[in-house]
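Trainee: Once you've had a glance at the structure underneath, I'll fire off some questions.
Bear in mind these aren't lab numbers, they're just calculated from the coordinates by the rules spelled out. If you're wondering where the values come from, they're calculated on a predicted model, not measured in any experiment. Every residue, glycine among them, receives a Cβ derived from its backbone with ideal geometry; neighbour counts consider all protein chains shown.
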Amino acid sequence: MKQQAAATGDYGIARLAGRDPARWIYPTPVGLYVEPAGLYIDPMRVAERAIVTHGHSDHARGGHRHVLATPETLAVMGVRKVKPKSGQALASGESVTVGGVRISLHPAGHVLGSAQVRLEWQGEVVVVSGDYKRAADPTCAPFELVPCHTFVTEATFGLPVYRHPPAEAEIGRLLASLTLFPERAHLVGAYSLGKAQRVIRLLRLAGHERPIWVHQALWEMCALYQSVGIDLGELRLLADARPAELAGEVLLAPPNASAEGWLAALPEPVRAVASGWVRVRKRATQQGAELALVISDHADWDELRQTIVETGCERLWVTHGEEAALIHFARQRGIEARALSLVGYSDGEDEKAEAGEGDA
Ligand SMILES: [Zn+2]
Ligand SMILES: [Zn+2]
């Protein structure tokens, strides 16, 4: 991709003061529309042609006719049963030109296959971040910085109160609890795409070699991750376990599985939850979880600001999340900034939608 970029002069882009891309890319009730290409990015309603940034359910909806996405995201959509009628895989850094718009996808560091969308039309470059993070994640390609004139950023954690601790330290807290309570099953609530696999991989990297028991709802997605070479170690299906063999083991289930009957049979479980929301600590306690692991797949306040600055953008559009503080920050730096009203993103997966909070 670097090669391609150098050959075509993508980097070190010329300044374009005064040209507003809103004349060719703009929000509609269906989603962000790229007019010359005739396609929507992460449309929340069924669309003829779409680019899908990643597989979370609020970004990758079912029913689209034609979807352009990374091969991994198309595979994730298959697991989620939201496969488009026709899927066109575009690997990171490759580009296609549709209606004069040059389109390429670049790693967003959010979950397996997640991509930012780079759009270039008549010399103007717009990058749509999708969901992203800058922190290291051993289960997906790292975020790639893509210079642009206009940066469309998510803002899930766009407030100074949001500063995520290192995920490794949070996993350390889980392992410490296992050491402290070797007779208790440790049940971790984690979303099925991204969070669950990241928790497992981090446990492996921290030296936890025991089999990990996973809920049926996570099984297929974990298998997909394994199939693309992300080593999750030995996984076992929770439904196959006898309660006694779960003592001292790590179990993973989607957060909404907490109401299921099998939980009652667990040997004095330690309930944990993995999520980026700082306030999850409070909610976790309300739900009876003892251990709130702050592990986020979204950029925190520092990463959002860093990224906005590093893209070198002249214009910032802020979507789904906490827009106001980021807009203020950008304007202070001379960047023209506004909120882009896109409804329909819950920042979560199916499970989270009901909790009102997302895949964070
Ligand atoms: Zn997401
Ligand atoms: Zn999102």
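Trainee: In debye, nearest 20: dipole of the stretch 54-126 around its Cα centre with unit charges on the Cβ of K, R (+) and D, E (-)?
Mentor: The calculated dipole for the stretch 54-126 is roughly 400 debye.
Trainee: Moving on. What order, most packed first, do the peptides 127-137, 157-167 have when packing is the mean number of other Cβ atoms within 10 Å of each residue?
Mentor: 127-137, 157-167
Trainee: Ala324 to Arg242: extension gain in nm, 0.36 nm per residue of separation minus the Cα-Cα distance?
Mentor: 24.5 nm
Trainee: Turning to a different aspect of this structure: Return the single residue from Arg305, Arg23, Arg15 with maximal mean-square fluctuation; model: Gaussian network over the chain, springs between Cα atoms under 10 Å.
Mentor: Arg23
Trainee: Still on this structure: Would you mind telling me which residue in Pro43, Pro107, Pro29 has the biggest mean-square fluctuation in a Gaussian network model of the chain, where springs connect alpha carbons within a distance under 10 angstrom?
Mentor: Residue with maximal mean-square fluctuation among Pro43, Pro107, Pro29: Pro29.
Trainee: Okay, next question. Across the stretch 129-137, in residue order, what do the Karplus-derived ³J(HN,Hα) couplings come to in whole Hz, using 6.51 cos²θ - 1.76 cosθ + 1.60 with θ = phi - 60° and x for Gly and Pro?
Mentor: 6, x, 8, 8, 8, 9, 5, 5, 9
Trainee: Check Leu39: other-chain or 5+ apart residues with amide H under 5 Å from its amide H, H built from backbone geometry?
Mentor: Val34
Trainee: Which one of Trp262, Ala272, Val228 is farthest out on the positive end of the charge dipole of the stretch 167-294, using unit charges on Cβ (Lys, Arg +1; Asp, Glu -1) and the Cα centre as origin?
Mentor: Ala272
Trainee: Hey, another quick one. Label the stretch 11-140 by shape, choosing from rounded, prolate and oblate, from the square roots a ≥ b ≥ c of the eigenvalues of the Cα gyration tensor; if a/c is under 1.5 it is rounded, and otherwise prolate applies when a/b is larger than b/c, oblate when it is not.
Mentor: Values: a/c = 1.85, a/b = 1.28, b/c = 1.45.
Oblate, since a/c reaches 1.5 and b/c is not below a/b.
Trainee: While we're here: For a quick protection proxy, order the peptides 185-197, 75-87 by their average other-Cβ count within 10 Å, most packed first.
Mentor: Peptide ranking by packing, descending: 185-197, 75-87.
Trainee: Any chance you could check the Cα centroid distance between the stretch 125-178 and the stretch 55-122 for me, in angstrom?
Mentor: Cα centroid of the stretch 125-178 versus Cα centroid of the stretch 55-122: 19 Å apart.
Trainee: Place a +1 charge on the Cβ of each Lys and Arg in the chain and a -1 charge on the Cβ of each Asp and Glu, then give the dipole magnitude about the Cα centre in debye, rounded to the nearest 20.
Mentor: 480 debye
Trainee: Here is a follow-up. Evaluate the relative contact order of the stretch 167-294 (contact order divided by residue number), counting alpha-carbon pairs under 8 angstrom at least 6 apart; express in whole percent.
Mentor: Reported relative contact order: 35 percent.
Trainee: Next question, about the same structure. Of Ala50, Ala69, Trp24, which is farthest towards the positive pole of the chain's charge dipole, taken about the Cα centre with +1 and -1 on the beta-carbons of Lys, Arg and Asp, Glu respectively?
Mentor: Going by the Cα projections, it comes out as Trp24.
Trainee: I've got another one for you. Relative to a virtual label point 7 Å from the Cα of Glu220 in the Cα→beta-carbon direction, which members of the stretch 227-268 show backbone nitrogen distances below 17 Å?
Mentor: 227-228, 237-239, 254
Trainee: Mean-square fluctuation check for the chain, GNM, Cα pairs under 10 Å: which of Val98, Val309, Val294 is largest?
Mentor: Val98
Trainee: Sorting Ile103, Ile41 on the 10 Å Cβ count, fewest up front, what's the list? Can you show the working numbers first?
Mentor: Details: Ile103 22, Ile41 25.
Placing the least packed residue first, the sequence is Ile103, Ile41.
Trainee: Based on the Kirkwood radius over alpha-carbon pairs, what value in µm²/s does the Stokes-Einstein equation return for the translational diffusion coefficient of the chain at 37 °C and 0.692 mPa s?
Mentor: For these conditions, the coefficient is 157 µm²/s.
Trainee: Which one, Tyr191, Phe143, Cys313, is farthest towards the positive end of the dipole of the chain when Lys and Arg carry +1 and Asp and Glu -1 on their Cβ?
Mentor: Value computed over the given set: Cys313.
Trainee: Here's another thing I want to ask about it. Along the stretch 265-276, what does the Karplus equation 6.51 cos²θ - 1.76 cosθ + 1.60 (θ = phi - 60°) give for ³J(HN,Hα), rounded to whole Hz, x for Gly and Pro?
Mentor: 7, 5, x, 4, x, 8, 8, 10, 9, 10, 7, x
Trainee: Counting pairs of alpha carbon atoms under 8 Å apart in space and at least six apart in sequence, what relative contact order in percent does the chain give?
Mentor: 17 percent
Trainee: Now, a different point. Go ahead and collect, in residue order, the members of the stretch 318-339 whose backbone nitrogen is under 20 Å from a label point 7 Å along the Cα-Cβ direction of Tyr26.
Mentor: 318-320, 336-339
Trainee: With charges set only on the Cβ (+1 for Lys and Arg, -1 for Asp and Glu), what does the dipole of the stretch 167-294 come to about its Cα centre, in debye to the nearest 20?
Mentor: For the stretch 167-294, the charge dipole is close to 520 debye.
Trainee: Under 12 Å from the Cα of Lys133, which aspartates and glutamates turn up, not counting those fewer than eight places away in the same chain?
Mentor: Output for Lys133: Glu144, Glu154, Asp297, Asp300, Asp302, Glu303.
Trainee: Right, here's the next one. When the chain is fully extended, how far beyond the present Cα-Cα distance does Arg102 get from Ser227, taking 0.36 nm per residue of separation?
Mentor: Taking Arg102 through Ser227 to full extension adds about 41.9 nm, to one decimal.
Trainee: I've got another one for you. Two decimals is fine: what's Rg over Rh for the stretch 167-294, C-alpha atoms, Kirkwood radius as Rh?
Mentor: Ratio of gyration radius to Kirkwood radius: 0.92.
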